[in-house]
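Notes follow the structure.
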Amino acid sequence: METVEQSTVKVGQTVSYYDMANPYEEGIIVEIKKKENNNTFLLFGSKSSMEQITHEAVVIYPGSWHKSYVAMNSIKENEYAGHQLHSDMPIKSQEEVDGIVAEYERMQPILQAEREQSAKEKHEAEEKQKEQFKNEYSYLVQVDQSNHSSYAIGAKNIKIELKKAFPSIKFSVTSEGYSMGCSINISWDNGPSRKEVEKFTNKYQEGWFDGMQDLYNYSDQVWTDVFGGAKYVSCDREITEDVATKIAEGFSEYNGHQFTGDLCDTVDPTEPYRDIGRWWDAVWKFVEDKDLTNFVGVEPVDCDCGQWPKDFFKIKEE
């Protein structure tokens, strides 16, 4: 990393910023200030020593008209991301800098009014959507009509929805709260695919975890505000051994691979079937997106080439 000497950074110079979470944007240094609190440090790399922040640059970005306070020793040159100094670009005169500052001050009440109006419109739209949900899904339990936790109410509503959509399937729906979070867990045997079940359950998850930033992001929560939900909602379909065995027997009957009765055995150790793995693996690949609610067996389809067994068989139903 090529860190710029603080003495070479001047008011009027152009600084750009970019990282994985923010688009590229150029700003102008309008002031260089001495850091009042000298107990602040920067750490460059996991094995590098800390550097004290003594000065910071005030940067205004005309594209969005926001202001940032940037540690002088974090400004770099010839780097892919972060704060980059463009020493090859013309330095703004003091008059131009003053003009940028004046325009920034002029834009603040305008931008604030736009943010407030946008927030108001969003709130009104959400309230309207909530009323529509309450009318359309009147058979579900509403958060404001119960003393239970949001995740407990969400779990109850998931069970109501799944029972209505898949009446012949018994679902286990449990919820739990713990430090810094809560979850709802759904499991069932055979029956519909996980993808089909998630059409009903996904809306009960409040957001997602961003591993890049190590934080949880909440999405628009209109549904969960009304009908409850949890930070994490998981679905787990179990393929029972009797169904898996019947599927494996069907593969063996129609395709020449001898099934010994042990689902942990390798399907065929010879080429080109060596990468298929165990009979359990073959069964899972086949049933992943298939509905087993009315399953009675498997039967072959007319296929000359494709992925075995997924493209060579279909579910036989009652």
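The values are calculated or read from the model by the stated rules, or taken from the named source; none is laboratory data. This structure is a prediction, so every number in the text was calculated from the model and none was measured. Because the Cβ atoms are built from the backbone with ideal geometry, glycine has one as well, and the counts that use them run over all protein chains shown.
When you scan segment 68-78, how many residues do you find that are closer than 11 Å to ILE29 by Cβ and in contact with a helix residue (DSSP H, G or I) (Cβ under 9 Å, 6 or more places away or on another chain)?
2
State whether the residues of segment 132-141 include one that is surrounded by 13 or more Cβ atoms within 10 Å (Cβ to Cβ), outside any loop (DSSP other than H, G, I, E, B) and under 30 Å from the mean Cα position of the chain (by Cα).
Checking segment 132-141: at least one residue is surrounded by 13 or more Cβ atoms within 10 Å (Cβ to Cβ), outside any loop (DSSP other than H, G, I, E, B) and under 30 Å from the mean Cα position of the chain (by Cα).
Which of the residues belonging to segment 293-307 are touching a Pro at 6+ places or on another chain (Cβ under 9 Å) and either assigned to a helix (DSSP H, G or I) or under 13 Å from PHE251 (Cα atoms) (or both)? Working first, answer last.
Applying the first criterion (touching a Pro at 6+ places or on another chain (Cβ under 9 Å)) to segment 293-307 yields 293, 298.
Correct list: VAL298 only.
State yes or no: is GLY177 touching a Ser or Thr at 6+ places or on another chain (Cβ under 7 Å) and either surrounded by fewer than 14 Cβ atoms within 10 Å (Cβ to Cβ) or small (Gly, Ala, Ser) (or both)?
yes
Just checking, which of LYS314, LYS290 is in contact with a strand residue (DSSP E or B) (Cβ under 7 Å, 6 or more places away or on another chain) and in a loop (DSSP other than H, G, I, E, B)?
Being in contact with a strand residue (DSSP E or B) (Cβ under 7 Å, 6 or more places away or on another chain) and in a loop (DSSP other than H, G, I, E, B) holds for just one of LYS314, LYS290, which is LYS290.
Pairs please, first residue from segment 133-151 and closer than 14 Å to TRP223 by Cβ, second anywhere and surrounded by 10 or more Cβ atoms within 10 Å (Cβ to Cβ) and among the acidic types (Asp, Glu), Cβ atoms under 7 Å, 6+ apart in sequence or on different chains.
Within 7 Å, the pairs are VAL143/ASP225.
Okay, residues lined up against (1) surrounded by 15 or more Cβ atoms within 10 Å (Cβ to Cβ); (2) under 30 Å from SER219 (Cα atoms); (3) not assigned by TED's automatic domain parsing to the domain that holds ILE186:
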site	(1), (2), (3)
LYS231	yes, yes, no
SER234	no, yes, no
GLU249	yes, no, yes
GLY261	no, no, yes
VAL298	yes, no, yes
